[in-house]
Every structure is written in structure tokens, then in C-alpha cells.
Amino acid sequence: MSDKTAPGKPHVGSQMIRTDGRDKVLGLTQYVDDEAFSGWHGATVRSPVARGRIRSIRFLEGPDWRQFVIVDARDIPRFAHSIHGADASHGPAEAGQTADVDLNIVKMIVDDQPYLVRDEIRHKHEAVVLLAHPDRDLVRWAATRVHIEVEPLPAVLDYRQQASPAQIQHGKDNIFKAYSLRKGAGEQEDLWQKVLADATHVVSGVYETGAQEQAYIEPQGIVAHVELAPEDEAHGRWPQKPFHVHIRGSMQCPYYVHNAMKHLFNQPDDRIQIVQTATGGGFGGKEDYPSIIAGHAALLSWKARQPVKMIYDRVEDMQSTTKRHPCQTRLTTALDAQGRLLALEAQVLMDGGAYVTLSPVVLSRGTIHAAGPYSIDHVRIDAKVVLSNTAPNGAFRGFGAPQTIFAMERHLDRCAKQVGISPAEIRRQNLIEPGQSLATGQVIREPVALRQWMQQTMDALNYEEKRANYKAFNDQQLRTGGPLRRGVGLATFMHGCGFTGSGEVWLDSIVKVRVASDGVVEVCAANTEMGQGAQTVFTAIAADALGLDTDQIRVIQPDTDQVPNSGPTVASRTSMVVGHLVAKACDDLVRQVEEKGLLTGARLLPSQAPISEQSDGRGRRYAAADLQAALRQLPGLQGWARYQPPPGVIWDDQTYKGVAYGTYGWACYAADVQVDTTTMEVRLLDFVAGQEVGRVLHPLLAAGQIIGGVVQGIGWALWEDVVLDAQGGMANANLTTYVLPTMADVPEIRTLFQEQPYGYGPFGAKGIGELPMDGPAPAVINAVAMALDCDICSIPATPERLLELSMRPEGTSA
Amino acid sequence: MLADLEVVRPTTLAQAFGLLSLSAQDGEPLRPMAGCTDLMVDAHFGKPMPKRLMDLSGLGKDLKKIEWFPGDNADVGLRLGALCTYAQALAEPILHRDLSLLAQASAVVGATQIQARGTFAGNVENASPAADGVPALMALDAVIVLQSAAGQRRVALDHYYSGYRQTVRRSDELIVAIEIPSQSIGKPGQWWRKVGTRSYQAITKVGLAAVLPRKDGQLSDVRVVAVAMAPSILRCQHVEQFLTARAQAQISLDQLRAEIAKDLKPIDDIRSKATYRAEVFARLLEQALRQTAP
Ligand SMILES: Cc1cc2nc3c(=O)[nH]c(=O)nc-3n(C[C@H](O)[C@H](O)[C@H](O)COP(=O)(O)OP(=O)(O)OC[C@H]3O[C@@H](n4cnc5c(N)ncnc54)[C@H](O)[C@@H]3O)c2cc1C
């Protein structure tokens, strides 16, 4: 692989070297805790119980408390006259409120989560008191010397159980959000009953998936510096004059933090600066949580009159930050004699944890993906996410979809068994074709060829032959008392790219490119590099949109003083949505150069196909040297692009009908496993991940995304188990007892790509980041179920659980 | 906090014993440190740390050797110096030929980095009920050689533990070597299996180290050592007695389960379940018996 593609050759689709690769490999990259820092260190005192009222906070002997800055909820004004309108970042604004607001609120979807507990604790490890001190070790130790006395209140520790009146903490029923989706006879009870009555088979099942830790390598970390007006420096009260809040740290979404700090400090946009530092992984875990730690560090900085750094260690990070939502899905399907799905009913129940955070959006994605990539005429889905007194569950790669997809894909294998056909055959019978509609009623217009793609994955794994051989192998092991069993499993699925429905329109993303003083074109977007390669992909897109070499492009580090709001780095949207805006902003830049007459004499190149339906890539018309010369004369020139939805993306949030996503990634994954029945340990022998993701922008990065996602999915299926203690706190909050797979636990993950260019992504690209998280768990568990010839309906399928299941009397399931 | 620690680094054994006995008399004994792969983990997770430590790295010339020693019957046994690491032992061909039990155990302790730093002596003294080096050594009748300014004594490893994470070592003593007697070298019927939470970097959930030789078709002189099944690594006396003088055909899984229950009361913890441990241990033993059968 060479460092540069040959001059004039496109970068998109090449194995271009990562722009951030060299520094990372050489250990030169500075993460937030590596950066030069002079200031104080912060620590957090957390609640000891699941739920209760704070009786007293005692500062025990040991630390010299006079040396510490101490912040609790009383430091934050309870009511202030907000200078901001209502927030619409996740949906249409509720009735505009301009009255006094509580600043002690983490601004997200619903105003229910405080930065610091005022009186009622909602989960163990919730932040109650903040400490700052010049010495990092001392402040951490001091945090263990604060005693919080609590009067316990009845807590919800199992989200699946109906809450008693004393356990209600949100609304009338602890339900954070509920959706229902109906299609065909799903709308009408009598018709529905008739479909069920006429079916040859009706199959029901209950499926459960557990919480999961994002396990980014770099834990959460923030440096905050609050600069007060001189009048406010002198006294300790809440600032009266406008002031500046500067935040640097590890995060996915600088503008989410920006929005949160605006609210917490009640300051206008230009008083808040958020800078993303090199980020060592996110996986959703740095979508919403950085707003909290940023708020904490900034509160300490305000009171200490010092920059304050807060870095969580692994234990604190795992105890107090968000996890994947545990989920229980009840499915009932009606099938005809050939195994065609006539109707599907799903009841989805997710565990939101103690506060709403992103639960409504996670549930939404889970709801929309619950019926899978199948053509089913009659559908009924009811989904809700409820409160429990654990740390809030939040964003994690896949965002609700892996949970319901696991249920559906396991269920299909069970249906196949009942119908008497193979897992491949039942999928062939039902996979959607162009012109047919998903559960939402969205008619598929893309030229999908799912049966053919499924077959390619199966062929790559040698699925059919293995399935036959393994049946014989298992019989022979059984006869001879051998301990080994083998199985193969499939999962077919899709993942919607970008924000759901009109979400992208609400986000209203903007990207800017500008000509720097050295003539280099700088890409200014709020989307973050966190290991996935976003910076490299933006560089390639900008270079190819302009027809320049990559050394003429610089992607600048997200800093809200420098970059417009191009939305969060989530939802598989960065390459597809924001990358597209990068190309369009480049078009705009070139248009302006043309208007200034600086390209009139430029040599013209043969014309090329447009970059997308919305981007002509006009920079590529001109000889690179001539465009470059023109740009050099225009330092400071800016090109802009604003999101425009593809035509026909119309979604109804009330009925859950319409076009949920402009496009989808489509996939079929296949797993090959061996189980040692002596110990019930599962070993993966092979894994093939086949997907259609539009144009692959960077083959190696794309494969990296898929392989990483697959391993994360396998971990969720087999090993990763969030164990809660009696107070709903994470009991195994470390990487010794929370078991992530290592290289030695997974085989080589083989990837296959189908490429059908998407008209509204740059060069035809779709989103890719989350798709690979959806399929591995059902593929692996379907394989294990074949190997053990038993019904496994919940994950993680640890050896302990498999043993228990295998020793249960016939006919019961888990 | 690490900054507050006092660390001494003797360069001769005599110095080391002197320092140890002085510190023991002061009532604040020096804690030996070898590879630190246990000590640092304890420190990281905030376990109370000894204030005073003795770094053994200066004693390599005396303690890092692997050598033959004159054993009982004038035969030759193997002596692992206290600073001998897993990696060092794995480089010895004899380990793979005649002490397969120990070779297998050493090869899956942590992963490469831990095998390069961790020592058998540290594993023994750390006294974890889930240790991997200890069961292999115990099944091979290893003897711990303790030395102090007052002299030397030898303690059989299966008498080394006096309770949960407690050993018979006095605070003025150092483990100087671990001896494997000649009778164990090349002893037939060595069998070992670790069931960990994953392939590498895993703590044992349940494990079996066994030596199951046959004499005239019957089991004799057997060793059955259980890992993560009791407060310390344990030889299973009832099981050993039951197996002795029995032929393979006379042993059923149900009988093994019953005998095991007399020796071991495993518990539920963060890593596994009592029921899993008990059942899998019985299955492992059954498998060991089958696989070591001549
Ligand atoms: C990532 C990781 C993975 C691990 N995996 C495994 C595993 O798979 N299996 C396993 O069994 N262990 C494992 N361990 C634990 C550890 O590596 C072993 O127990 C190792 O053998 C300890 O040796 P050490 O030299 O590092 O001991 P140290 O940490 O230096 O010491 C451990 C204890 O022994 C004492 N000590 C050391 N030497 C002497 C001596 N000569 N005389 C008296 N006392 C002494 C110390 O005072 C201390 O109490 C793992 C540890 C880590 C960090």
C-alpha cells in the first residue's frame, strides 16, 4: 500500500493511509489526559443506593477540607430566567417555554436528569458532590471520605416487573416513551384474529438481551475552564455577568455538549466553546455522557477559579456511564404452510435506567427494525421503554436495533423448525424485494437482491455443506459419548442510515470549507474522529470533490468556535450525510471561485459522473494546478452546504408510518461454532459478514468497521454480562470480570461487500458504522442452538447459562 | 498512594534476610515483590497496601535459577528459584517432556506479558484460590523452601495454605525455591485443564490439575487438585481415596459427583456459579480419567 494514490487517481475507494494513523501508531497523539495542563483535578462523590432521599452529607476526618473546592446541587441556581428557546435537537420543540428554568438539568430530550442530585437519588453511583484540589491523588482519596446518609425509597431493580405505586418516579407509570406501529390487519382486531386463525402455524417466543458496556479504550475525560468577568471573580456566588466556558475533551458530539453548557450556565452560543480532543473510541458511550462530565468539570472550574480536569478511571467509568438498553421482546408470528410470514406481533420492552436520556430515540430505532428486512402484510408492534433505578442506559452502536433484530432472527429459526424447513429457506421465503413494503409501509425502491446476497454469504461459509456435515458429526459425537457439538447459523437484517424520519431535517446540518492562508482547503465539520476513520474519509471526499491531492486538504479538529453544527457523530450518518455535505460545500467553494472569474483560463478536464444527485463535483473539471492557483489567491474564502433531504423521505411520528430512512444497509451474516459440552464453552470456527453498504469509500476502514462491530456483537452474545449488585450498581465494573473477547477468542472475521451506489451519499456511500453490530448475536446463537439442539432465547449465552439450559427438563426454554 | 511507599532492594540473600527479620521485629514487615503482577493489581484496586516493600530483583543470581537438585533416593529433582518466571520455565524442554502439567498451566497464565514477569513463587504466596501455577505444582508434590536469618524449612505445598488467602510463611521468611521431587518428573497420567472466562487474560472459573497413574489397570498414587472450588487450591482427599485402587470401569460420573461434594463446596461469585463449578469439575475429572487411561 503506498502513501499516496497516483496523481489524478481518486482517493475514494483507495487504500489511502489514515490521516491520523502516523501519530497514533507512533504514540504521538495527545489525548485529553496527555495534554499539558496546569490547574486542579476534580473527583465525584457518588450515591451509595439505588433510590433514596439524602439525609446528610458528612465530610469525614482525614482530608483538610479547607483546601478543597466543594460543589453540590445548592451551588446551582434552582431557577433562572432562560435566555434560550426550547431545544429541538431531537425532535420538534414542545410548546415553547420562556419562563424560569432549572439550570441543574442535563439538557437532552426530557428535562429530568440533574447534574447533581438535589434531594432524591435515582440510581447508585449518581453524582452528588464534586471536589477539586490541585493534587489528583488527594482529590480521589478525599472523594472516599465523604459520607452520604440516605433514607432509602422503594427502587425498581427489574425493569420487567410492573412497578408498584411506591416505585413510580416518572409520570403515572414509569414509562419514558411508547410507540405503536400497525400495518394491514394490525390496525383492526377482528381482521387480525382472522389472519391468525387462518394461519398454518402460529409461533410465539420471548427473547431477552442484556446490557453492554461500550468499553472504549480511553475513558471519559474533560478539561473545563470557566472565565468569569472581573466583577464575579471576587465573590463566591453564581456569576452575575456574562462569562466564557471552555471545554476540551473526549467526545462524539461537540454541539451536544455545547447545547448542554448553554443551558447549565445560561449563556449565549458564543460564550461557550467546545473542543474535541483526540478521542479513543466512543461507540455511543461518548454521545450524551460527555455533557455530564463537562458540566461537572465546569462547575468545579467556576468555583475554583481554575481550569479543572476530570478523568474517570475504568471502574468509575463503567459504574456511572451509560450502557446498551437491556430488552425483552415478545414475538408472535403467523405463517402459512410454506413458511411465509403472514403476520407479526411484537411487544418490545426496554430498560431505560433512571433517567430518560436518549431512550425515546433508542426505542424508536428498535421499533422500526423489529420486523426485519421481510415483507410481512400484517404487523403490530408495541414498544415501550421504562424506568429502573440503575445508571441510565443510552446510546450504543446499533441504538436499539440489535435488541429487536436478535429477537426476530432467533424467532425465525424457531419458526423454520416448526414449519419443517431450513433457516435459509424461511429467509428466502420472506426477504423483501423491490416494490414490497417494510413494517412501516416504506416501499423499497432500491434494487436489493437479498436472496442472492444471502447465498453469497452462505457459499463463503460453506453453510449448506457444513449444516449437513455437522448434523452427522453431532450424531456421531452423541453416540460415542464425545463432548463436541457443531452448528452453523444465519442472520439477515438491515440498518437504517442516518437519523430516523425527519430527524436529519431537524438537525439541519451545516458544513463549511474554507481556504487557509497556505491555500489548503480546510474542512470544518463538527463530526469527530474517534478511531473509525472519519477524518480520512472526509479528506478523501474533499480531495476528490475538488480534484486535488490530499495534502491540499486539512480536516480541522472540531471546535465550536471554528466549525458549524454538522450534527452528532452517531447513527451511521457521518460519511453518508456529513460526507455528502463536505462534497457539496466543496462545490459551493468552486462556484464562488468561478464567479470571481479566477477559473476562466483554467485547463478543463474530461467530465466525470456527478458525486451524487445533489453534488456535481465541479472542482474536478479543472486541472488541479489551476484550481489550486486560484484558491491560493483567495485565502479566507468559504464554501457552505446545508442538509437537503432526498425527495420522498416523509415520516409520521404519530402513526409510525412512512419512510423511516432514506436508505438502508443490508446484510447477511453467518457463524460456524463448536461447543464443548463438558464446559459449555463456545468456540467460533468461522464467521462471514456480507453486506451491501453502497459505495465503499475506503475498503480497509470499511472492513475495520465491520470486523470491529462483529467482534463487539459476538462479545454481547457470549461473554459480556453486566452484573448488578443489590442496589442496581454494576458489580463487575472492571475489565477483569466484565469479559470482553480478545483476539484469541474470535476467528478471522471475513467480510464481503456488495456495492449499490446510493444517490444521496457522497460517491454513492451509505452508512456503515452500526450495521455490523446487528447480526452477529443472532447468527452465533442460531449456530449454538443448532449445535446443542436447544432453544436459546436470551443473551449473553454464557457457559453457566448454557449448562443450566442443557440440564433443564425437556420442553422448557430460556 | 504509591508515592508513600518505602522500597528496599537487597543485593545479597544475607542482606535480604537481615532486612526482613529486622522489619518483622519492628512489627511492620517488608513485603517481598517479585514480578508485581499481583501486587500492582491490588494497589490499583485500592486494596490496603503494605507501606514497606522489598524488591527482590537484585537477588537474581541466587533466586532466578532452574536447577537439578539431589532429591530423595539420590535421584534428581527440579528446583525452581523463587524468581523463576513462567516464560523461563517454558523455555526448558524438560517441562514439556516430563512435567506437561506445569507446561500447560504456565502457557495460559495471563498472556505473554504476564508469563514474562510473573513468578511461580509469587503465584504461590499470593494464595489465590483461582491460581494456575499452584495447582500444577501441588499435583506434582511440590515443596516450598522457606528461608530466613534463622534457617531454612521445607513445607509441602498442600500444607502451605492455612485459610482463605493465608499461608504458613512467617513475615521474616522468603520463599527461596520451589522443589519438584524426582518421583513427579515424568510421572504418567498428568492432566490439566483451566476453564477460564475466555482464552487468555482470564481468571480460572474452575480447573483441575490431576496426576492419574495406573498400576496393573488400577489407579494408584493419584493426585486430584481443584482450582476455584474452595477458599484455597485444594487436594481432594475423598476423591483421591475413592479413585485409589479402582479400575476405570468401576467409576461413574454420579459417583464422582458424590465424592467431589465431600471435598468441595464451591460458591457463586462474580465469575461463575456454584452449580456450574461443581458439575464442570466432575465432568473434567471424568474426562481426565478417560483421557489418561492407557
Ligand atoms: C493481566 C493479568 C493476568 C493474570 N493471569 C493469571 C492467570 O491466568 N493465572 C494465574 O494464576 N495468575 C494470573 N495473574 C496473577 C499473577 O500474574 C500471578 O499470580 C503471578 O504468578 C504472580 O507473580 P509475581 O511475581 O508477579 O508476584 P508479585 O505480585 O510480585 O507478588 C505476589 C505475592 O507474592 C509475594 N511474593 C512474591 N515473591 C515472594 C517470595 N520470593 N517470597 C515470599 N513472598 C513472595 C508478594 O509479597 C505478594 O504477596 C494475572 C495477573 C495479571 C495482571
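Under unit Cβ charges (Lys, Arg +1; Asp, Glu -1), what dipole magnitude, rounded to 20 debye, does the range B:15-123 have relative to its Cα centre? Let's see the in-between values first.
Working: 10 positive and 11 negative charges, 62 e Å.
Using only the charged Cβ atoms, the result is roughly 300 debye.
Pull up all non-local amide H partners of A:I611: gap of 5 or more, or a different chain, and H-to-H distance under 5 Å with H placed in the peptide plane.
Here the answer is A:D616, A:G617, since their amide H atoms fall under 5 Å of that of A:I611.
Please list B:7-15, B:240-248, A:394-402 highest first by mean number of surrounding beta-carbon atoms within 10 Å per residue. Each step should come with its number before you reach the end.
Details: B:7-15: 14.2, B:240-248: 16.8, A:394-402: 28.4.
Final packing ranking: A:394-402, B:240-248, B:7-15.
Which entries of A:K124/B:K194; A:K107/A:K172; A:K9/A:K766; A:K107/B:K47 have Cα-Cα distances beyond 28 Å here? Numbers along the way, then the final one.
Numbers: A:K124/B:K194 35 Å; A:K107/A:K172 23 Å; A:K9/A:K766 22 Å; A:K107/B:K47 38 Å.
Among A:K124/B:K194; A:K107/A:K172; A:K9/A:K766; A:K107/B:K47, the Cα-Cα distance tops 28 Å for A:K124/B:K194; A:K107/B:K47.
Would you pull out the residues with amide H under 5 Å of A:S794's amide H, same chain only if 5 or more places away, H placed 1.01 Å from N?
Amide H neighbours of A:S794: A:E208.
So if I restrict to the alpha-carbon atoms in the range A:39-79, what is the Rg, and what is Dmax, the biggest pairwise distance, in Å?
Final numbers for Rg and Dmax: 12.8, 35 Å.
For peptide B:271-281, compute the average count of partner chain beta-carbon atoms within 10 Å of each residue's beta-carbon.
Values: counts 6, 3, 6, 0, 4, 9, 1, 0, 6, 7, 0.
The mean count of partner-chain Cβ atoms within 10 Å per residue comes to 4.
Once the whole set of protein chains is in place, how much accessible area is left on A:V711, using a 1.4 Å probe, in Å² to the nearest 10?
Near enough 30 Å² of accessible area.
Compute and list, largest first, the equivalent-ellipsoid semi-axes of the range A:327-453 from the alpha carbon gyration tensor, each √(5λ) rounded to a whole angstrom.
On the way: eigenvalues 162, 52, 29 Å².
Sorted largest first and rounded, they come to 28, 16, 12 Å.
Have a look at B:A226, B:V211, B:G196 and report the one farthest towards the positive end of the charge dipole of the range B:180-249, computed about the Cα centre with Cβ charges (Lys/Arg +1, Asp/Glu -1).
B:G196
About the Cα centre of the range A:97-219, what is the dipole size in debye to 20, counting +1 per Lys and Arg Cβ and -1 per Asp and Glu Cβ, all else neutral? Write out the running numbers ahead of the final one.
Numbers: 13 positive and 20 negative charges, 38 e Å.
Result for the range A:97-219 is approximately 180 debye, rounded to the nearest 20.
Compute the helix-to-body angle for B:253-263: its Cα long axis versus the longest principal axis of chain B, expressed 0 to 90° and rounded to tens.
Result, in degrees: 30.
All other residues with a Cβ under 14 Å from the Cβ of B:P266 taken together, and with Lys, Arg as +1 and Asp, Glu as -1, what is their net charge? Don't skip to the answer; put the middle values down first.
Working: positive: B:K205, B:R257, B:K262, B:K265, B:R271, B:K273, B:R277, B:R283; negative: A:E800, B:D263, B:D268, B:D269, B:E279.
Taking every other residue near B:P266 into account, the sum is +3.
What number comes out for the charge environment of A:E595, summing +1 per Lys or Arg and -1 per Asp or Glu over other residues with Cβ under 13 Å away?
Details: positive: A:R591, A:K596, A:R618; negative: A:D587, A:D588, A:E594.
Around A:E595, the charge tally is 0.
So how much accessible area does A:V696 have, in Å² to the nearest 10, using a 1.4 Å probe?
10
To test your reading of the geometry: what angle, between 0 and 90 degrees and rounded to tens, separates the Cα axis of helix B:13-26 from the longest principal axis of chain B?
For B:13-26 against chain B, the angle is about 80 degrees.
Only four residue types carry charge here, +1 at the Cβ of Lys and Arg and -1 at the Cβ of Asp and Glu. Report the dipole size of the range A:444-596 about the Cα centre in Debye, rounded to the nearest 20. Let's see the in-between values first.
Working: 15 positive and 19 negative charges, 231 e Å.
Approximately 1100 debye in magnitude.
Once you list every other residue whose beta carbon is under 11 Å from the beta carbon of B:T204, what net charge do they have if Lys and Arg are +1 and Asp and Glu are -1? It would help to have the intermediate numbers written out before the result.
Details: positive: B:R193, B:K194, B:K205, B:R271, B:R277; negative: B:D132.
Every neighbour counted, the sum reads +4.
Once every DSSP H run of n ≥ 4 in chain B is given -39500 (n - 2.57) and the sum is divided by its residues, what mean residue ellipticity at 222 nm do you get, rounded to the nearest 500 deg cm²/dmol? Don't skip to the end; give the middle numbers.
Details: 12 runs with 100 residues, N = 294.
Using -39500 (n - 2.57) per qualifying helix, the result is -9500 deg cm²/dmol.
Please work out the ratio of the alpha-carbon Rg of the range B:1-110 to 2.2 N^0.38 Å and round it to two decimals. Before the final figure, lay out each step's value.
Details: Rg = 17.0 Å, N = 110, 2.2 N^0.38 = 13.1 Å.
Here the Cα radius of gyration is 1.29 times the empirical estimate.
Against the 2.2 N^0.38 Å scaling, with N counting residues, where does chain A land? I'd like the Cα-based Rg ratio to two decimal places. Can you show the working numbers first?
Details: Rg = 27.1 Å, N = 814, 2.2 N^0.38 = 28.1 Å.
Chain A yields a ratio of 0.96.
Step by step: find N for the range B:36-101, compute 2.2 N^0.38 Å, then divide the Cα radius of gyration by it. What's the final number? Don't skip to the end; give the middle numbers.
Working: Rg = 16.1 Å, N = 66, 2.2 N^0.38 = 10.8 Å.
Rg over 2.2 N^0.38 Å, computed on Cα atoms: 1.49.
If we sort A:785-791, B:160-166 on the protection proxy, mean other Cβ atoms within 10 Å, highest first, what's the order? Please list the in-between numbers first.
Numbers: A:785-791: 19.9, B:160-166: 14.4.
So the peptides A:785-791, B:160-166, ranked by packing, come out A:785-791, B:160-166.
How crowded by other chains is B:241-248, given as the mean number of beta carbons from other chains within 10 Å of each beta carbon? Present the calculation step by step, with values, prior to reporting the outcome.
Working: counts 0, 0, 0, 0, 0, 0, 0, 0.
If you average over the peptide's residues, the count of other-chain Cβ atoms is 0.
Taking only protein heavy atoms into account and a 1.4 Å probe, give the accessible area per residue of the range A:179-284 in Å².
On the way: 3950 Å² over 106 residues.
Here the residues of the range A:179-284 average 37 Å² of exposed surface.
Would you mind estimating how fast the range B:3-62 diffuses translationally, via Stokes-Einstein at 10 °C and 1.306 mPa s with the Kirkwood radius over Cα pairs, in µm²/s?
Numbers: Rh = 12.1 Å.
It comes out at roughly 132 µm²/s.
Taking the mean number of other Cβ atoms within 10 Å as a proxy for protection, how do you rank A:561-571, A:148-158, A:616-626, A:276-286 from highest to lowest?
The most tightly packed comes first, giving A:276-286, A:561-571, A:616-626, A:148-158.
Per-residue Cβ counts within 10 Å, from other chains only, averaged over B:186-199: what number is that?
Details: counts 0, 0, 0, 0, 0, 0, 0, 2, 0, 6, 3, 11, 10, 8.
Across the residues of B:186-199, the mean count of other-chain Cβ atoms within 10 Å is 3.
Kyte-Doolittle mean at least -1.0 and Cα extent at least 20 Å along the axis: which DSSP H helices of chain A qualify? All intermediate terms of the calculation are to be shown ahead of the outcome.
On the way: long enough: A:289-304 (23 Å, 0.68); A:401-419 (26 Å, -0.38); A:463-480 (25 Å, -1.91); A:579-595 (24 Å, -0.19); A:699-718 (28 Å, 1.36).
Helices meeting the span and hydropathy rule in chain A are A:289-304, A:401-419, A:579-595, A:699-718.
Assuming R0 = 45 Å, can you tell me the calculated FRET efficiency for the pair A:D382 and A:E613, based on Cβ-Cβ distance, to the nearest 0.05?
On the way: r = 37 Å, r/R0 = 0.82.
Given R0 = 45 Å and the Cβ-Cβ separation, E is 0.75.
Please give the direction-averaged projected area of the C-alpha convex hull for the range A:710-765, in square nanometres with one decimal. Please list the in-between numbers first.
Details: hull surface 27.4 nm².
For the Cα atoms of the range A:710-765, the hull's average projected area reads 6.8 nm².
Per the helix-only calculation at 222 nm, which mean residue ellipticity applies to chain A, given -39500 (n - 2.57) for every DSSP H run of n ≥ 4 and division by its residues, nearest 500 deg cm²/dmol? Before the final figure, lay out each step's value.
Values: 20 runs with 219 residues, N = 814.
Taken over chain A, the calculation gives -8000 deg cm²/dmol.
The values are calculated or read from the model by the stated rules, or taken from the named source; none is laboratory data. Note that this is a predicted model, so its numbers are computed, not measured. Cβ: placed from backbone, ideal geometry, glycine included. Neighbour counts: every protein chain shown. Calculation scope for accessible area: heavy atoms of the full protein, side chains included, ligands and nucleic acids excluded. Shrake-Rupley method; radii C 1.70, N 1.55, O 1.52, S 1.80 Å.
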